[in-house]
1. Dividing the alpha-carbon radius of gyration of the protein assembly as shown by 2.2 N^0.38 Å (N being the number of residues), what value is obtained?
2. Assuming R0 = 22 Å, can you tell me the calculated FRET efficiency for the pair B:SER260 and B:ASP340, based on Cβ-Cβ distance, to the nearest 0.05?
3. Can you list, largest first and rounded to whole Å, the semi-axes you get for region B:157-211 by taking the square root of 5 times each eigenvalue of its Cα gyration tensor?
4. Not counting ligands, DNA or RNA, and with a 1.4 Å probe, what is A:ILE49's accessible surface area in Å² rounded to the nearest 10?
5. Search the structure for amide H atoms under 5 Å from the amide H of B:ALA355, placed 1.01 Å from N in the peptide plane, and list their residues when 5 or more places away or on another chain.
6. Cross-link list B:LYS135/B:LYS172; A:LYS121/B:LYS8; B:LYS274/B:LYS363; B:LYS109/B:LYS135: which exceed 21 angstrom alpha carbon to alpha carbon?
7. Using +1 at the C-beta of Lys and Arg and -1 at the C-beta of Asp and Glu, which of B:MET95, B:SER266, B:TYR227 has the Cα lying farthest in the positive direction of the dipole of chain B?
8. Using a loss threshold of 50 Å², tell me which positions in region B:95-110 are less accessible in the complex than in their chain alone. Probe radius 1.4 Å, ligands and nucleic acids ignored.
Amino acid sequence: MSNAVVDREVDSKKESRANEIKRLERREGWKRRLPILPALLFTIVVTQIPFLFTLFYSLTDWRIDKLEPRQFIGIDNYTSLTEESEKFFREAAWVSVQMTVMAVLFSLIVGTMLAILLDRKFFGQGFIRTLLITPFLVMPVVAGLMWKTQMLNFNFGIINWILNGLGQESVEFATRYPMGSVIVVLVWQWSPFMMLIVLAGLQGQDPSVLEAARVDGASTFGIFRQITFPQLRPFLELGTLLGAIYLIQVYDHIEVIVGGQPGANNLPFYIAQRSIGGGNRFGLASTYSIIVVIASIIIANIGLRVLSNLLEDDS
Amino acid sequence: MAEVRYEKASRIYGFGGVGAVRAVNELDLNIADGELLVLVGPSGSGKSTALRMLAGLETVNEGSIFIDDVDVTLKPPQDRDIAMVFQNYALYPSMTVGENMGFALKQAKVPKAERRAQVEEAARILDLEPYLDRKPKNLSGGQRQRVAMGRAIVRSPQVFLMDEPLSNLDAKLRVQTRTELADLQARLGTTMVYVTHDQVEAMTMGHRVAVLDHGELQQVDTPRRLYSSPANLFVAGFIGSPAMNLIETDRTGDELHFGSTVVPLSDDVQADLKASASTRFVVGVRPEHLIQTPDGAPCGATVVEELGSDAFVHASMPHNGTEATVVVRVDGETAITRGDNLTIAIGGPVHIFDAESGVRLGKPVT
Ligand SMILES: Nc1ncnc2c1ncn2[C@@H]1O[C@H](COP(=O)(O)OP(=O)(O)O)[C@@H](O)[C@H]1O
Ligand SMILES: [Mg+2]
């Protein structure tokens, strides 16, 4: 046999072996992809298709109180947002920003303080922790009703009863301070969520690190500022972002407590008002929704990045 | 520089009565200025608790602790001027190596420039200069251990407290580091209390060694004397590797038997034996004090451990009606193998303990 023939035989053997490996790799890939396929399809059907429809509606002039057919108008809805006629949209956007920032900030502060109190051994710890979590488990509508009727009510609310007891006049909270009232309820509901996140951070600390700091002469506050807080930072960031994503979508509390009076109407509430709530401007409302979605996606992206950093740090 | 004194110091967990655990019970211990004292004992014997009581991290429920004749029993850790190295090092994860080492000085409001100088000096001693700007998670185990050491020495404290600082290192590094640590302590001349469960570490490092068991101090002495004159059965079994042969035996009048031989007893042991009402005793002989002699007790080799310079023969010996296992040290050149028969006898110091109370008979060997 000549050398050339042998070489060719060796080459073809090598090739078939390489093909075999490729085939195995492909099969391996499908084995990994196949199980997530149903979830992926489901997600596309329930989120992406409605989103595409909304995107399409936002490019049309569509009102169901008129007989005219839906008209494609390009980006006119978007450009109109800066006009004088849309000042309520900008107001609602500003309310959304204020409400979200305040609610997140205060629930984070209250949640952190509760977490610090809970992060120690005492009798009945589990019971107290469960009690503190319950506000988070109450349905938003129910929370709104509870606060509106039992706490803030002008005639028989507990807060006014206490104020009267202190010799003060009753206050009509929901009309005098609509946004403040909503924020108080949001903080009451969301502090437990922040507490759980911060508590996870506190309990993840190595107790001997805190002891080392004590031996090294640090005060209790010094230990919190110099040791605990830096370790807590990613947890606080995570709480902020998750909280912001949810709180930007608040609707129920506003509907129940202030019910459309000016001063506390955020974007979701305004969107509902302009479409199903009687406004009937579906095209325009779709435009608002798209804006909210884009803003939320930006926030969520930052959130996911923080989350993955957190998980990397742990490993 | 300071002396340390425990006076009947106890740490009691749980509420009085049933269920209360005396993790450390009425500990009396004097540690001299500049001394390296090792606390050794099996896991759960209260070593860490005793150290943490001195650090101020555990409440002293009874008794008191003094540092240089100052009663520190009720003082918080930050007022005791001590530095502690933890088993897992407990480095501050969000700070660099330099910040870790300078942390205590910062708390003491030492000016920045001075702080930097002291940190750099400590880093030089410990070969940590290239790593001053790294975070702890980017260091190897040995480097982390040195940072923990650095954090302690930067402060020039009155007393160093070390809780098993080498137990997370691999065997080779552990042996090397323990020499370096003992050398560092000698150079600085600072009193050190060192906790370990490893009796070899205790014997090689300690000026004196305190043996703890079940929260009770068993004996405190120099390594040499702990080995040659254990105060009780526990210390006899704990110190030394391979362990001392401890053979239980019934008394025959005023004689004790080891296999088929009669144990040679000194006059003071003989006197104590005569005075004792007990019937069961433990004969303790170190493997190197058993010799092969034609008129010794017969036994059969079961396992032979070759160590090169010498070998340890595990042998089964008919004793007191049953078989007892004894370990004999023999020359590495001797060709004893499994199944061989030998005759052995006690050819060195023998330790006799009361089997019931564990107390040693006779005067301590000096
Ligand atoms: N917080 C605690 N509550 C109850 N018992 C404890 C506590 N901490 C330690 N102990 C007990 O005290 C004893 C001594 O513990 P420790 O000092 O950690 O032992 P060592 O360091 O010698 O291994 C152990 O029996 C342990 O179970
Ligand atoms: Mg321990």
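1. Working: Rg = 38.4 Å, N = 681, 2.2 N^0.38 = 26.2 Å.
Compactness ratio reported: 1.47.
2. Values: r = 18 Å, r/R0 = 0.81.
Given R0 = 22 Å and the Cβ-Cβ separation, E is 0.80.
3. Working: eigenvalues 60, 34, 22 Å².
That gives 17, 13, 10 Å for the three semi-axes.
4. Approximately 70 Å² for this residue.
5. B:ARG280, B:PHE281, B:VAL282
6. Working: B:LYS135/B:LYS172 25 Å; A:LYS121/B:LYS8 29 Å; B:LYS274/B:LYS363 14 Å; B:LYS109/B:LYS135 23 Å.
Over 21 Å Cα-Cα: B:LYS135/B:LYS172; A:LYS121/B:LYS8; B:LYS109/B:LYS135.
7. It is B:MET95.
8. With the partner chains in place, region B:95-110 has these residues losing at least 50 Å²: B:PHE103, B:GLN107.
The values are calculated or read from the model by the stated rules, or taken from the named source; none is laboratory data. All of these numbers come straight from a predicted model, not from anything done at the bench. Neighbour counts run over all protein chains shown; Cβ positions are idealised from the backbone, glycine included. In case anyone asks, the SASA skips ligands and DNA or RNA and just uses the protein heavy atoms, side chains included. Shrake-Rupley method; radii C 1.70, N 1.55, O 1.52, S 1.80 Å.
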